[in-house]
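No value in this document is a laboratory result; all are computed from the given coordinates. Note that the structure is a prediction, hence the values are computed from the model and not measured. Positions of Cβ are backbone-derived with ideal geometry, glycine not excepted, and every protein chain shown enters the neighbour counts.
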Amino acid sequence: MPQIASLFVTRLYRARLSELGKKRIDTSELENACLSIAGDDEAGQRWSEDNGYPGYTSYASLTDLPWRFPIFADLVKVLDKHVAAFAKDAQFDLDGRKLRLEDIWINILPPGGIHTSHIHPHSVVSGTTYVSVPDGASAIKFEDPRSARMMAAPARKAKARREMQSFIYEAPAPGDVLLWESWLRHEVPMNMAEEERISVSFNYAWS
Ligand SMILES: [Fe+2]
């Protein structure tokens, strides 16, 4: 029998936020915090508008959410546990150092909004936790990181096994956390829901 192995595996971590950590994060409390911060953050609203960012992001305007808002401090404590679990599974040799939060920001994606394809080039692990995912809200779409090298490779069959597919759609629920290595290209296709999709994204660096 021939043996076919999978090499250079890409890991995608999915968990309930509440699975790890001592303090339970209440997603409706987090949702209220996101909406009130967005409503008050005029610099962020302006930045989002000036940069063609649909809806609102705090990415460029609020770099200290965990210091300003206790619920974000609690959230980071829980995220630290998830990121450590992911790093363990990835078998990273961190050489006695830790992965530490670098940025954390709010995304409010209105109906019809998209986030185009991107990577997070300065970090090790990136991820999102989902706050509000109305019916019809977009899944997150991941792209095979080798696709730029596939000069003559045929497309994969529509019903190919999941790990063989070139694009993976992961449909999150509120209270879920997804983690991936920061080089993995991803995007949020159009939000077809009639309400806002709210998420909190973050980067962890090796320091
Ligand atoms: Fe991203």
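With the convex hull drawn around the C-alpha atoms of the chain, the volume per residue stands at 157 Å³.
Residues LYS77, LYS23, LYS159, ranked from the fewest to the most other C-beta atoms within 10 Å, line up as LYS159, LYS23, LYS77.
The simple Förster model, with R0 at 22 Å and r as the Cβ-Cβ distance, assigns LYS98 and PHE8 a FRET efficiency of 0.30. Loop-located trypsin sites (Lys or Arg not before Pro) in the range 160-207 (DSSP state other than H, G, I, E, B) with a sparse environment of at most 10 neighbouring Cβ atoms within 10 Å: ARG161. Comparing LEU65, PRO189, SER207 along the charge dipole axis of the chain, the residue lying farthest to the positive side is SER207, per the Cβ-charge model. Only Cα pairs under 8 Å and 6+ residues apart enter the sum, and on that basis the relative contact order of the chain stands at 31 percent.
If R0 is 30 Å, the Cβ-Cβ spacing of GLU170 and MET1 corresponds to a FRET efficiency of close to 0.35. Considering every alpha-carbon pair of the range 99-167, the percent of pairs per 10 Å bin, from zero through the bin containing the longest distance, is 13, 37, 35, 15, 0. From least to most packed, judged by other beta carbons within 10 angstrom and beginning with the fewest, MET151, MET164 follow the order MET151, MET164.
Ordering THR129, THR116, THR27 from the fewest to the most neighbouring beta carbons within 10 Å gives THR116, THR27, THR129. With contributions of -39500 (n - 2.57) from each DSSP H run of at least four residues, the per-residue ellipticity at 222 nm computed over the chain stands at -7000 deg cm²/dmol.
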